[in-house]
Amino acid sequence: MTSRVFRLHSTLELPLEDVYEYFEDPDLPVEMEDIDITRRNNTLIISAVAADESMSKYTPTAQLKASITENRVYEEEPEDRPGGPGGGGGGGGPQWGTLEEEEEEIESELVEYACFKGDRETVLQNTALQYPMFEVLCGIAEIAEKGTLTAVVAVDGELHATRIVDGEDRPASVNVVEEPKEDEGANGVNWRDNKFIS
């Protein structure tokens, strides 16, 4: 039986450098021989390379898609510096000149982040090798310090829920709920036959 991904939602964010490092020596599912990483402007595309040689080279295999953003990372948190909240900024009124100098002294750098954000069609694309690529995404989620990955998958005909929050596996369950119907409004108050209104 084949495994499938039915629902997926991701808000994962991690430094781009960590993603490249993860794929230097990845533990890939047996269905995948390798992965291809392509960067197009501010988009990162990680594509599965099938181990099955009978699969046509023209078959689009599953791929992960992330947007790349730049975030400024500070050596120390701005509120921890002298003169900030809780720091020794001196008494009296505001010292504008001093505050500006202190802000300039904080060490910071621009770091590129890979953001795997959205639902299945946005983050995990194409059906060939979709489940093995989902397993790769779970591996990325486990090294991400920020963000959540939730999914409902079928493995050998059984539904399973996955939830990884800030790099940690969390308990998850599958709930079956009834979709709201279009005519839900028909069950509202019928003002014409209401005995409390004369």
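Per-structure values
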{"quantity": "Segment 157-168: number of residues that are touching a Ser or Thr at 6+ places or on another chain (Cβ under 8 Å) and of a type outside the set (A, V, I, L, M)", "calculated": "3"}
{"quantity": "Of all residues making up segment 122-161, the number that are acidic (Asp, Glu) and within 26 Å of Glu53 (Cα to Cα)", "calculated": "2"}
{"quantity": "Qualifying positions in segment 108-123 - in contact with a strand residue (DSSP E or B) (Cβ under 7 Å, 6 or more places away or on another chain) and among the charged types (D, E, K, R)", "calculated": "Glu109, Glu112, Lys117, Asp119, Arg120"}
{"quantity": "Segment 159-187, subset open to solvent by 80 Å² or more (accessible area, probe 1.4 Å) and among the polar types (S, T, N, Q), residue modelled with the highest pLDDT", "calculated": "Ser173"}
{"quantity": "Residue list for segment 153-171, restricted to those being outside any strand (DSSP E or B) and within 14 Å of the chain's Cα centre (by Cα)", "calculated": "Asp166, Gly167"}
{"quantity": "Hey, Thr59 among the hydroxyl-bearing types (Ser, Thr, Tyr), in a strand (DSSP E or B), modelled with pLDDT of 85 or more and loosely packed, with under 15 Cβ neighbours inside 10 Å or not", "calculated": "no"}
{"quantity": "Hey, Thr98 at pLDDT below 75, open to solvent by less than 90 Å² (accessible area, probe 1.4 Å) and β-branched (Val, Ile, Thr) or not", "calculated": "yes"}
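The values are calculated or read from the model by the stated rules, or taken from the named source; none is laboratory data. On a predicted model such as this, the values are computed, not experimentally measured, just so you know. Because the Cβ atoms are built from the backbone with ideal geometry, glycine has one as well, and the counts that use them run over all protein chains shown. Keep in mind that these areas ignore ligands, DNA and RNA; they rest on the heavy atoms of the full protein, side chains included. Shrake-Rupley method; radii C 1.70, N 1.55, O 1.52, S 1.80 Å.
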